[in-house]
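The values are calculated or read from the model by the stated rules, or taken from the named source; none is laboratory data. Keep in mind it's a predicted model, so treat the numbers as computed, not measured. FYI the Cβ positions are ideal-geometry reconstructions off the backbone, even for glycines, and counts take in every protein chain you see. Accessible surface is based on the protein model in full, side chains and every heavy atom, while ligands, DNA and RNA are left aside. Shrake-Rupley method; radii C 1.70, N 1.55, O 1.52, S 1.80 Å.
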Amino acid sequence: MGSDPQYASYPNLLLSQHIFTLKTPSLSSSHATAHKALTSSIKEHSQAPLYRYLAHPTEGILSGKIEWDESYYEELKKGNDDKLESYDKELKEAEEKAGESEVVEAMGKKAEFWARVVDKEKALTAYEELYIKTPTLGAKIDIVLAIIRMEMFYDDKMSVKKSVERARRLIDTGGDWDRRNRLKSYTGLHLLSSRQYSEAAPLLLDSLSTFTSTEICTYSTLVLYAVLAGTISLNRVDFKAKVIDSAEVLAVLGSKSGGAVSAGDVEMIDADMENTDGYSSLETLVNSLYLCDYKSFFVALAEVEERFLSRDRIIAEHKAWFVRDMRRRAYAQLLESYRVVGLESMAKAFGVSVEWLDRDLSKFIPSKKLNCTIDRVNGVIETNRPDDKNKQYQDVVKQGDQLLTKLQKFGQAVRLRGSERA
């Protein structure tokens with residue numbers, strides 16, 4: 001199993017969700033709760049750097065929404081300086097009188113201090129110094145995971161990508177089972193934030209049965225992410241096996257007869273959200289898509305957009321794309337069963353007008369995301385499925401050309417090395 005994870009307490013990623021809530025005008029009903037959570041955390045942990053980052057009159061990202069008080073900031077800063085002085089003293093004594101393990105412990109406390117007050121640059125610098133000094137592989141992995149969380153807090157996707165690769169290389173050299181599973185969750189969330197749902201889905205779904213990474217999200221939130229990623233990316237067979245029939249998913253979504261999830265379970269989405277009917281809209285979305293109940297699917301999709309997609313900092317950025325592609329998936333699923341389908345009949349199945357359906361389908365047809373044509377004169381939609389054999393032939397030709405190019409380059413390299421030996 002390996003040792004327990006270290007440096008996993010800070011930063012508190014729930015705070016980044018509250019920041020997102022306070023920045024989003026459409027979530028004004030939740031602003032009071034988010035404001036209270038942020039200001040309480042700043043006061044409790046003397047988070048002077050976070051306070052400046054949020055509330056500074058000219059540089060704060062929430063300037064005007066969180067009141068700036070210069071004297072209060074100086075008070076927080078003094079508390080930070082006093083704490084830092086004690087950590088520096090402890091580190092100096094460890095370097096002079098104690099062994100290597102005591103030095104690493106003192107450096108770890110200092111790095112966690114900067115993470116607790118959410119000073120990105122100083123925390124990352126301290127973690128890098130700690131990484132160099134740390135002798136064990138497991139602790140090194142924990143440090144990189146802590147770096148990833150700090151980068152996630154500030155939504156630095158490029159840095160997260162590099163750090164995830166760094167953690168993967170470390171784990172490949174001998175990381176234990178628990179850390180491998182934790183990295184799987186971290187990677188899944190990163191891919192989700194980068195709109196790579198197809199790559200995120202298997203990682204998130206696999207993480208459900210072994211999830212321990214509560215420092216990045218709650219279990220129910222992970223289920224939400226896994227279900228959304230799986231619903232939009234998996235083929236019908238895998239969708240049934242890994243989402244519809246998943247014991248872990250069913251435990252959170254409940255059954256058709258009920259099963260509510262408390263508001264506390266979805267705090268990463270919205271801490272004060274009155275979640276009286278749990279994940280019922282998400283459950284309806286999943287089941288209606290699989291059962292081809294498209295009218296219920298459209299209603300559930302709108303509810304999921306309002307309840308979840310708009311409220312979560314990780315998936316809100318891709319909300320419009322997700323909703324659009326889910327509609328496309330439903331259209332494609334229905335059209336797959338027909339050679340010709342009446343436009344009015346299809347509009348009735350989805351609970352929309354003919355004009356609206358015509359406009360929406362027209363968004364997907366030119367880009368070949370839907371293989372069909374609309375005949376408004378006769379009021380029908382004709383499917384024109386691509387020739388699979390022709391596609392396979394084109395793929396073979398393309399892959400063959402790539403292989404020949406690589407072989408030619410390899411041959412040239414071999415001849416060059418042979419001439420050098422001569």
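If we keep just the residues of region 374-402 that are modelled with pLDDT of 75 or more and aliphatic (A, V, I, L, M), which is least open to solvent (accessible area, probe 1.4 Å)?
Among those that are modelled with pLDDT of 75 or more and aliphatic (A, V, I, L, M), it is ILE381.
Does LEU15 satisfy the criteria of being more than 15 Å from PHE153 (Cβ to Cβ), in contact (Cβ under 8 Å) with a residue 12 or more places away in the chain and either surrounded by 18 or more Cβ atoms within 10 Å (Cβ to Cβ) or β-branched (Val, Ile, Thr) (or both)?
Taking the combined requirement at face value, the residue does not satisfy it.
Pick out the one residue from GLU121, GLU105 that is in contact with a helix residue (DSSP H, G or I) (Cβ under 9 Å, 6 or more places away or on another chain), acidic (Asp, Glu), assigned to a helix (DSSP H, G or I) and within 26 Å of HIS18 (Cα to Cα).
The unique qualifying residue is GLU121.
Hey, can you tell me all the residues within region 18-53 that are farther than 26 Å from LYS109 by Cβ and open to solvent by 70 Å² or more (accessible area, probe 1.4 Å)?
LYS23, PRO25, SER26, SER28, SER29, ALA32, LYS36
Mind counting the residues in region 132-148 that are open to solvent by less than 10 Å² (accessible area, probe 1.4 Å), in contact with a Phe, Trp or Tyr (Cβ under 8 Å, 6 or more places away or on another chain) and not aliphatic (A, V, I, L, M)?
1
Please state which one of GLU305, GLU336 is of a type outside the set (A, V, I, L, M), more than 15 Å from GLY230 (Cα to Cα) and either at pLDDT 95 or above or surrounded by 16 or more Cβ atoms within 10 Å (Cβ to Cβ) (or both).
Exactly one of GLU305, GLU336 is of a type outside the set (A, V, I, L, M), more than 15 Å from GLY230 (Cα to Cα) and either at pLDDT 95 or above or surrounded by 16 or more Cβ atoms within 10 Å (Cβ to Cβ) (or both), namely GLU305.
For region 1-102, please list each of the helices (runs of 4 or more DSSP H) lying entirely inside it that holds at least 3 residues being among the charged types (D, E, K, R).
Answer list for region 1-102: 31-44, 70-97.
Counting only residues that are buried (at least 17 other Cβ atoms within 10 Å of the Cβ) and not aromatic (Phe, Trp, Tyr), which one in region 361-373 is modelled with the highest pLDDT?
LEU361
So, of the residues in region 54-73 that are of a type in the set (Gly, Ala, Ser) and exposed (fewer than 12 other Cβ atoms within 10 Å of the Cβ), which turns out to be nearest to LYS36 (Cα to Cα)?
Among those residues, the one meeting the criterion is GLY64.
In region 308-333, what residues are open to solvent by 30 Å² or more (accessible area, probe 1.4 Å) and of a type in the set (Val, Ile, Thr)?
Once the filter is applied, which keeps residues that are open to solvent by 30 Å² or more (accessible area, probe 1.4 Å) and of a type in the set (Val, Ile, Thr), region 308-333 yields nothing.
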